[in-house]
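We did not get these values from a lab; they are worked out from the coordinates using the rules stated. This structure is a prediction, so every number in the text was calculated from the model and none was measured. In this analysis, Cβ positions are derived from the backbone assuming ideal geometry, glycine residues included, and neighbour counts consider all displayed protein chains.
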There are 2 protein chains.
Amino acid sequence: MNEMRGFDESLPMALLAARESAMRRFRPMLADHDLTEQQWRVLRALSAESAPIDVGGLAERTALLAPSVTRILAALTERGLVDRTMSVDDQRRAELRLSPLGETIVATVAPHSEAIYQQVEDAFGAARLSKLITELHDFAHLLNEGT
Amino acid sequence: MNEMRGFDESLPMALLAARESAMRRFRPMLADHDLTEQQWRVLRALSAESAPIDVGGLAERTALLAPSVTRILAALTERGLVDRTMSVDDQRRAELRLSPLGETIVATVAPHSEAIYQQVEDAFGAARLSKLITELHDFAHLLNEGT
DNA sequence: GGCGAATAGTACACATGTTAACCAGATCGG
DNA sequence: CCGATCTGGTTAACATGTGTACTATTCGCC
């Protein structure tokens, strides 16, 4: 009836569907540990950092917006998984790191996460998956820099 | 420090980043027409259907969850963009279609949407984009059927 | 030094994601 | 028939997405 691009053939829909089919496998496991997908992203990002990181840095690494990070950190520090202090040389900036308890949680959950990722990798093929990820990175970089 | 897979190399993060880099270009245009990304998905899905469709069908085609579709339809019918009636043979089922005003809105927004999509296609390459979408579809199908 | 612009972070408001509970209409087996 | 069950849809509750406004610093510059 109209000339618009097919629904299912659009990239945003394909990205959404692909992500949902993958995340569907992770969420139940995370729920067993009372973690949302986003909370787990924040914990992982903190775990990957050796030095403390600030809110902006976390937002960038986790692909979350600053207001979301603020709320998630409130929940995680409340639960004692994250420690927070103020930077001495810039009183606006926060210094965030995993608490010992947070480290324990990450160490507990990570193997489960990795196991599920392995299933996904096996189902699709490791090489094929790797190539797909590379294409996605290229895509993001091209769009973010161009214009 | 731990053996976990690199953050940025994980597929879910790559999918998220890619989608965000694309959607960033669409959202301002949709906001100009007072539409959210999800409302536009619903309108497009309705526009693509010749016959009326029910809530479940919309949820499936738009990759939204039923509760979200319920709320979005409430907003769209409120604005007079969508018409809703009850199915005669199954009083639980809704019959949804675009109102004339809704058709007008879709016809107005679609060219803008298509223009942005063209930019994206040009930036990444049409053939390459097409192949990427195919891979994403394959990925979703493999994961949804296997296990 | 001190004022205006930039920056980090938060607070708010509204829309959606996610899960579970719930209601009414449809279906099936006895 | 009719009650047990299933199914379409909504409601509810809480977490996140998204854009905007606002506070507290810090910075640039005169």
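Summary of values
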{"quantity": "Whole-number percent relative contact order across chain A, with pairs defined as alpha carbons under 8 Å at least 6 apart", "calculated": "19 percent"}
{"quantity": "Whether segment A:14-145 is rounded, prolate or oblate, judged on the alpha carbon gyration tensor where a/c under 1.5 counts as rounded", "calculated": "oblate"}
{"quantity": "Cα lying deepest toward the dipole's positive end in the protein assembly as shown, options B:I105, B:M86, A:A18, charges on Cβ", "calculated": "B:M86"}
{"quantity": "Closest approach to the A/B rotation axis among chain A Cβ atoms, residue and whole-Å value", "calculated": "A:L15, 3"}
{"quantity": "Top positive-direction residue, dipole computed over segment B:23-145 with Cβ charges, set B:Q39, B:N144, B:A127", "calculated": "B:Q39"}
{"quantity": "Cα-centred dipole magnitude for the protein assembly as shown, charges only on beta-carbon of K, R (+1) and D, E (-1), debye, nearest 20", "calculated": "380 debye"}
{"quantity": "Cβ-vector label at 7 Å, A:A126, separations to other copies in nm", "calculated": "3.8"}
{"quantity": "Label geometry 7 Å along the beta-carbon vector: B:M23 inter-copy distances in nm", "calculated": "0.8"}
{"quantity": "Within chain A: Cβ-based charge dipole about Cα centre, in debye rounded to nearest 20 (Lys, Arg +1; Asp, Glu -1)", "calculated": "240 debye"}
{"quantity": "Gain upon complete extension [A:D54, A:T77; 0.36 nm per residue less C-alpha separation]", "calculated": "6.9 nm"}
{"quantity": "Cβ charges +1 (Lys, Arg) and -1 (Asp, Glu), total dipole of segment A:30-101, debye", "calculated": "80 debye"}
{"quantity": "Packing-based order for A:97-110, A:38-51, using average beta carbon neighbours within 10 Å, highest first", "calculated": "A:38-51, A:97-110"}
{"quantity": "Exam field: B:D89 pseudo-label spacings to other copies (7 Å along Cα-Cβ), nanometres", "calculated": "7.4"}
